[in-house]
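The values are calculated or read from the model by the stated rules, or taken from the named source; none is laboratory data. All values reported here derive from a predicted model rather than from experimental measurement. Here the Cβ positions follow ideal geometry from the backbone for every residue, glycine too, while neighbour counts run over all protein chains shown.
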Amino acid sequence: MIERARSAQTAALDSLFVGDHHVVPTPYYQNTPMLGRLLAEWGNKPAGALFLLPLWNPILVAEQVATLASIHPGRFILQCGLGTGRHQFKAMGADIRFRPSALEQSISTLRSLWNGETASLDGRWKFQNAGISPLPPEPIDIWIGASAEIAIERAAKLGDAWLADPSMILEEAKSSMATYQSALHKHGKPTPTTIAIRKDIYVAEDLADADRIRSQVAMDGYRGFNPEALIIGNAVQVAEEFLVLGELGYTDIIVRNLHSDQSKALASTERLAEVKTYL
């Protein structure tokens, strides 16, 4: 992960994020300490972490994020989502049935605490007269990940930005954008400067390399995704697919390398510098 952050910095990418999962069978380096280390490689460009908010006490999230924002010289972004997996919720002592209300209560609490207010809650969590220190040195943006129609409307209502799901194929990305824009209009909110979509990608060395990876994904599968949701190609082909997403209204593409080999993943990230020149 440290090598990949360095590679992203060298390629002059625009933002750096880490994810959030719990009780997984393979090593998963947790977001707060890992991002704290990666910020040393990153400089002052935007950075942030994903928090599956229904799994977290909001006081703890507020403190962890405010600390990260205080040590990072640039803009800090909180990505958040509902989370999935009953085993994950059971292990964390959370009830998966109440994810939507827990997310909404957590976001409200976070905003209050980061504004220096005292927060109390008698809901999915119970606490009184909570405050945090340090406060974030500047406002923290909240991007809400969502794919279902009702969740996209929630993102429009509560979030500073919407983060679209990486498993969407192009037609789904188009229809979901229409849902989001309609929800913004419904709630009387302007279109934000950021509308992001996650994408799992591989920037290949050449066309033959791209064909090999496409064939491998078709044979082995990838995270249960429809292969059409993945972006695999040389730098020109990847740039062309990014431009199509831009034409749909997406301003930022949050990329995750789909190749499991570290050297291939690093090379793919480095080739994103070439993709940026085409864009």
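Given the structure, is THR179 out of contact with any strand residue (DSSP E or B) (no Cβ under 9 Å at 6 or more places or on another chain), surrounded by 13 or more Cβ atoms within 10 Å (Cβ to Cβ) and not basic (Lys, Arg)?
yes
Pairs under 6 Å by beta carbon, first residue more than 15 Å from ALA173 (Cα to Cα) in region 222-234, partner β-branched (Val, Ile, Thr), six or more apart or different chains?
Listed pairs, sorted by first residue: ILE232/ILE213.
Could you check region 6-22 and list, in sequence order, the residues that are part of a helix (DSSP H, G or I) and farther than 17 Å from ARG198 by Cα?
ARG6, SER7, GLN9, THR10
Can you tell me which residue is nearest to the chain's Cα centre (by Cα) among those in region 176-223 that are hydroxyl-bearing (Ser, Thr, Tyr) and more than 13 Å from ALA164 (Cβ to Cβ)?
THR193
Checking SER260 against (1) assigned to a helix (DSSP H, G or I); (2) surrounded by fewer than 19 Cβ atoms within 10 Å (Cβ to Cβ), only one condition comes out false. Which one?
Going through the list (1) assigned to a helix (DSSP H, G or I); (2) surrounded by fewer than 19 Cβ atoms within 10 Å (Cβ to Cβ), SER260 breaks only (1).
Residues checked against (1) small (Gly, Ala, Ser); (2) modelled with pLDDT under 95; (3) not in a loop (DSSP other than H, G, I, E, B):
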| position | (1), (2), (3) |
| --- | --- |
| SER167 | yes, no, no |
| SER175 | yes, no, yes |
| PRO192 | no, no, no |
| TYR202 | no, no, yes |
| ALA210 | yes, no, yes |
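Which one is surrounded by the most Cβ atoms within 10 Å (Cβ to Cβ), of the residues in region 213-230 that are hydrophobic (A, V, I, L, M, F, W, C) and over 17 Å from ASP261 (Cβ atoms)?
Restricting to residues being hydrophobic (A, V, I, L, M, F, W, C) and over 17 Å from ASP261 (Cβ atoms), the top hit is ALA229.
I'm trying to understand the selection: among the residues of region 141-150, which are surrounded by fewer than 20 Cβ atoms within 10 Å (Cβ to Cβ) and touching a strand residue (DSSP E or B) at 6+ places or on another chain (Cβ under 9 Å)?
Once the filter is applied, which keeps residues that are surrounded by fewer than 20 Cβ atoms within 10 Å (Cβ to Cβ) and touching a strand residue (DSSP E or B) at 6+ places or on another chain (Cβ under 9 Å), region 141-150 yields ASP141, SER147.
Can you pull out the strands (runs of 3 or more DSSP E) entirely within region 28-125 that have at least 1 residues that are more than 16 Å from the chain's Cα centre (by Cα) and surrounded by fewer than 18 Cβ atoms within 10 Å (Cβ to Cβ)?
In region 28-125, 119-122 are the strands (runs of 3 or more DSSP E) which contain 1 or more residues that are more than 16 Å from the chain's Cα centre (by Cα) and surrounded by fewer than 18 Cβ atoms within 10 Å (Cβ to Cβ).
Mind listing whichever residues of region 126-153 are without any contact (Cβ under 8 Å) to a residue 60 or more places away in the chain, outside any helix (DSSP H, G or I) and among the aliphatic types (A, V, I, L, M)?
ALA148, the sole residue that qualifies.
What number goes with the only condition from (1) closer than 19 Å to ARG6 by Cα; (2) assigned to a helix (DSSP H, G or I) that VAL255 does not pass?
Answer for VAL255: the failing condition is (2).
With (1) assigned to a helix (DSSP H, G or I); (2) touching a residue at least 40 places away in the same chain (Cβ under 8 Å) as the list, and GLN237 as the residue in question, which single condition is left unmet?
Going through the list (1) assigned to a helix (DSSP H, G or I); (2) touching a residue at least 40 places away in the same chain (Cβ under 8 Å), GLN237 breaks only (2).
Report yes if some residue within region 154-162 is among the hydrophobic types (A, V, I, L, M, F, W, C), loosely packed, with under 14 Cβ neighbours inside 10 Å and without any contact (Cβ under 8 Å) to a residue 60 or more places away in the chain; otherwise report no.
There is no residue in region 154-162 that is among the hydrophobic types (A, V, I, L, M, F, W, C), loosely packed, with under 14 Cβ neighbours inside 10 Å and without any contact (Cβ under 8 Å) to a residue 60 or more places away in the chain.
List the number of the failed condition for VAL65; all other conditions in (1) touching a helix residue (DSSP H, G or I) at 6+ places or on another chain (Cβ under 7 Å); (2) of a type in the set (A, V, I, L, M, F, W, C); (3) closer than 15 Å to LEU53 by Cα hold.
Of (1) touching a helix residue (DSSP H, G or I) at 6+ places or on another chain (Cβ under 7 Å); (2) of a type in the set (A, V, I, L, M, F, W, C); (3) closer than 15 Å to LEU53 by Cα, only one is false for VAL65: (1).
Which one of ASN57, ASN44 is farther than 27 Å from THR118 by Cβ, among the polar types (S, T, N, Q) and touching a residue at least 12 places away in the same chain (Cβ under 8 Å)?
From the options ASN57, ASN44, the qualifying one is ASN44.
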